[in-house]
Amino acid sequence: MPAEPDVCDDLHLMTRDPTASFPPLPQNLHARLPRLSLRRPAGWLAIAGMLLAASAPGCSGKRREVPPLGEVTGVVSLDGRPLPRAAVAFVPYERGNGSYGTTDEAGRYTLQYAVHHPGAVVGRHRVEIRTGGEGRDKDGNFVETPEQLPAKYHAKSQLEATVAAGPNELNFDLTSRPTPKPR
């Protein structure tokens, strides 16, 4: 079985938009940081400490085994039209990490378990689909996109899917209208 990537490989999956960047650093940051002088022992100790921290276990620790995965693709539509730029999350009911993807302009998504492992854990999943959230635009400005989907598709998701080994085509036809209550 291939080794599962460690926490550092998975960090990019925690953000809604993988192309989003961190906020820009303040322009006067250099004035706020203490100056290190290599002519003093404290400067050498600080550099040695940074090198030791960089080489410490954490992002280079022991890797876990990857559970069996199935390749997952599909289309998300809202009221019969493709839903672009929606975040799709599969959260397994049993064990394992969730898988994530984002729909393109045609509503198509592909799930990613970790950086070098496409797909989702084999088994039953709770599915969450979101269109809103917080992030940064291409210029680094904070933006908040309002959620256009009812909570039944994300916070109180009623969506489920079963992932089998091999390729899986799992489509979701969502509606913006509320579900009628039974009488």
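Per residue, the convex hull spanned by the Cα atoms of region 130-180 amounts to 132 cubic angstrom.
Protection proxy ranking, highest mean first, for peptides 150-158, 112-120, 137-145: 112-120, 150-158, 137-145, where packing is the per-residue count of other beta-carbon atoms within 10 Å, averaged.
Other residues lying with their Cβ under 14 Å from the Cβ of THR175 contribute a combined charge of +1, Lys and Arg counting +1, Asp and Glu -1. Per the Debye formula with a single identical scatterer at each Cα and no solvent contribution, what log10 I(q)/I(0) holds for region 75-180 at q = 0.11, 0.17, 0.23 Å⁻¹? Summing over Cα pairs of region 75-180 leads to -0.35, -0.83, -1.33.
Bear in mind these aren't lab numbers, they're just calculated from the coordinates by the rules spelled out. Note that this is a predicted model, so its numbers are computed, not measured. Every residue, glycine as well, gets a Cβ built from its backbone with ideal geometry; the counts of neighbours run over all protein chains shown.
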